[in-house]
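As structure tokens, the structure follows; a few thoughts come after it.
The values are calculated or read from the model by the stated rules, or taken from the named source; none is laboratory data. Since we're looking at a predicted model, the values are computed, not measured. Ideal geometry is used to build each Cβ from the backbone, glycine not excepted, and the neighbour counts take in all protein chains shown.
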Amino acid sequence: MSTPVFDLAIVGGGINGAGIARDAAGRGLKVLLVERADLGAATSSASTKLIHGGLRYLEHYEFKLVRHALAERERLWAIAPHIIWPLRFVLPHRKGLRPAWLLRLGLFLYDHLGGRRRLPATVTRRLRTDPVGQPLRDVSGIGFEYSDCWVQDNRLVVLNVRDAARNGADIRVRTACLAARRQADHWQLTLGDEETGARSDVSARAVVNAAGPWVDTFLSGVAGLNAGGRARLVQGSHIVVPKLYDHDRCYIFQNPDGRIIFAIPYEDDFTLIGTTDQDYRGDPRDVKASPAEIAYLVRAISSYFKREITEKDVVWTYSGVRSLYDDGAASAQETTRDYVLALDQGAGTGSGATSGQAPLLSVFGGEITTYRCLAEDALDRLAALFPEIGAKRGWTATRALPGGDFPAGTAGALVADLCETYGFFSEREARRLVRHYGLEAHDILGTARRADDLGRAFGGALTEREVLFLMDREYAREAADIVWRRTKSGLRMTPQEIAALDVFMAQRRREIRAAAQGLEPAVEPAVKAAVKG
């Protein structure tokens with residue numbers, strides 16, 4: 001049996017790997033993407049879920065990063081208007097911290113640096129009389145309201161991967177890259193199926209190391225190169241509490257230690273608070289919000305809101321590890337957030353991707369907002385090996401992601417259409433489906449005329465139709481993939497409901513494997529009971 005040969009093998013199914021896979025496949029390359037766990041299961045699902053320029057990065061003179069990110073906001077909103085939408089942020093001035101004139105100057109740059117077109121400009125708010133100031137205490141009376149965007153971060157990853165697959169990419173989740181060895185003009189990769197233990201070999205003309213917090217581990221361990229030690233691992237944690245206020249604005253708060261935190265309306269009934277920023281040492285798979293981080297966020301947010309919270313109010317926490325490029329900064333907060341692409345060409349001479357042996361491109365850092373630019377730059381670095389792809393540069397800026405082929409700002413019309421077509425649906429539930437699936441909400445609901453037509457209800461508004469859609473089209477294998485990543489239904493589900501969903505999904509996978517082998521699936525009594533409900 002011959003070894004499959006690819007143009008480009010991408011290791012890592014986070015947002016950077018997904019973006020590169022989409023761009024490369026759309027330019028005609030034969031692409032393989034492997035992800036050891038679920039798509040976007042690590043850093044890319046642990047963001048603050050913002051498409052933003054990064055206002056605080058201006059203080060560290062990251063003008064290039066901020067400019068690129070600001071320009072990307074409206075591009076990404078246009079290609080994914082179902083999972084990305086505008087938000088307004090209120091930045092209160094607080095006595096003793098950054099002066100009001102400095103905040104206004106920063107926001108003037110923020111409004112004009114990136115070619116803002118559709119998003120509203122900054123305005124000044126008198127917080128003692130304006131409704132957005134009502135939930136706050138101990139502010140100087142003035143604040144500034146500016147624009148950024150929200151994103152369903154894991155869905156952004158999955159939709160990029162789906163578009164890559166639509167263009168011919170081979171996507172393998174729960175598949176680890178166990179070894180990578182350079183063989184002059186190609187790489188030989190050994191892959192391991194995390195579920196079955198089966199091993200297989202593939203070859204690729206070039207490899208992209210988009211392993212996120214494992215980028216150094218891939219270099220020094222999997223690839224056997226003496227090239228590690230360039231990543232700085234930084235932990236960011238968030239907490240979710242019952243909603244602290246009723247309006248739709250977000251807040252960005254300054255803290256006396258120089259950090260900033262956000263308070264963002266979340267999933268209708270909650271407020272998302274984050275993030276922390278501290279160096280991390282250990283296995284990124286083990287990361288979780290520490291008691292000290294939770295206490296820090298609780299204390300910081302309580303200093304701004306009239307309504308104080310305690311650790312008992314926290315209903316969910318999540319934490320992720322970012323792999324930043326180690327630029328020698330004194331603190332995690334000061335480390336650059338811009339991406340660095342490191343090209344290893346083996347022992348050859350010259351600067352092009354074909355001057356040495358088969359190239360290996362490693363990705364350090366980057367923001368979720370700039371993933372598309374990063375993908376273009378990554379392919380530019382490999383253009384000498386694939387000269388045919390240059391003519392198609394920039395295509396990802398205008399082609400809609402799955403479900404998003406409708407004008408930005410018109411999602412409300414889709415919600416109204418769902419409510420009219422499916423009369424048994426509430427407006428709130430229709431809005432949830434549109435903000436996850438856009439036009440593909442109709443694919444989930446199909447010909448249903450009543451709630452029972454959607455199959456079993458698992459809790460958290462999840463139905464059997466939606467679960468099967470996520471399994472069949474979006475690579476979901478376990479309950480956590482759905483309830484904490486593709487959706488946030490876990491916030492409204494009991495542990496017993498999540499466990500029952502896991503059992504249902506396991507049985508579904510067994511049925512699929514049995515059908516592929518022409519066998520009758522074995523069903524355990526406990527599974528029968530759970531599936532029957």
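Would you check which residues across segment 293-317 are among the hydrophobic types (A, V, I, L, M, F, W, C) and over 26 Å from the mean Cα position of the chain (by Cα) and list them? Within segment 293-317, Phe305, Ile309 meet the criteria. Filtered by the rule that a residue be farther than 15 Å from His247 by Cβ and surrounded by 15 or more Cβ atoms within 10 Å (Cβ to Cβ), segment 121-140 gives Thr122, Val139. In segment 234-253 there is no residue matching the filter, namely being surrounded by fewer than 21 Cβ atoms within 10 Å (Cβ to Cβ), out of contact with any helix residue (DSSP H, G or I) (no Cβ under 7 Å at 6 or more places or on another chain) and over 30 Å from Gly490 (Cβ atoms). Taking helices (runs of 4 or more DSSP H) as the structural unit, those lying wholly within segment 415-510 and holding at least 2 residues that are acidic (Asp, Glu) and free of Cβ contacts under 8 Å to residues at least 60 places away in the same chain correspond to 427-437, 464-474.
Residues that are buried (at least 23 other Cβ atoms within 10 Å of the Cβ) and of a type in the set (Val, Ile, Thr) within segment 203-232 comprise Val207, Val208, Val215, listed in sequence order. Here are Ala204, Ala180, Ala176, Ala164: which of them is closer than 23 Å to Val5 by Cβ, modelled with pLDDT of 95 or more and assigned to a helix (DSSP H, G or I)? The conditions single out Ala164.
Of all residue pairs spaced 6 or more apart or on separate chains, those with beta-carbon atoms under 7 Å, a first member in segment 279-303 that is more than 26 Å from Gly12 (Cβ to Cβ) and a second member that is in a loop (DSSP other than H, G, I, E, B) and polar (S, T, N, Q) are Tyr296/Thr276; Leu297/Thr276; Val298/Thr310; Ala300/Asn255.
Condition check ((1) farther than 17 Å from Val173 by Cβ; (2) crowded, with 17+ Cβ neighbours inside 10 Å; (3) at pLDDT 95 or above; (4) in the same structural domain as Val173 (by TED's automatic domain parsing)) across all residues:
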{"site": "Thr463", "(1), (2), (3), (4)": "yes, yes, yes, no"}
{"site": "Phe469", "(1), (2), (3), (4)": "no, yes, yes, no"}
{"site": "Ile482", "(1), (2), (3), (4)": "no, yes, yes, no"}
{"site": "Arg486", "(1), (2), (3), (4)": "no, yes, yes, no"}
{"site": "Leu501", "(1), (2), (3), (4)": "yes, yes, yes, no"}
{"site": "Ile512", "(1), (2), (3), (4)": "no, no, no, no"}
{"site": "Val527", "(1), (2), (3), (4)": "yes, no, no, no"}
{"site": "Lys532", "(1), (2), (3), (4)": "yes, no, no, no"}
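Residues in segment 393-414 that are under 20 Å from the mean Cα position of the chain (by Cα) and outside any loop (DSSP other than H, G, I, E, B): Thr396, Ala397.
Give segment 134-159 a look and list any residue that's of a type in the set (S, T, N, Q) and either within 26 Å of Arg473 (Cα to Cα) or assigned to a strand (DSSP E or B) (or both), or say none. The answer is Ser147, Gln152, Asn154. Here Ile10, Ile15 are screened, and the one residue that is under 19 Å from Leu189 (Cα atoms) and either in contact with an Asp or Glu (Cβ under 7 Å, 6 or more places away or on another chain) or surrounded by 24 or more Cβ atoms within 10 Å (Cβ to Cβ) (or both) is Ile10.
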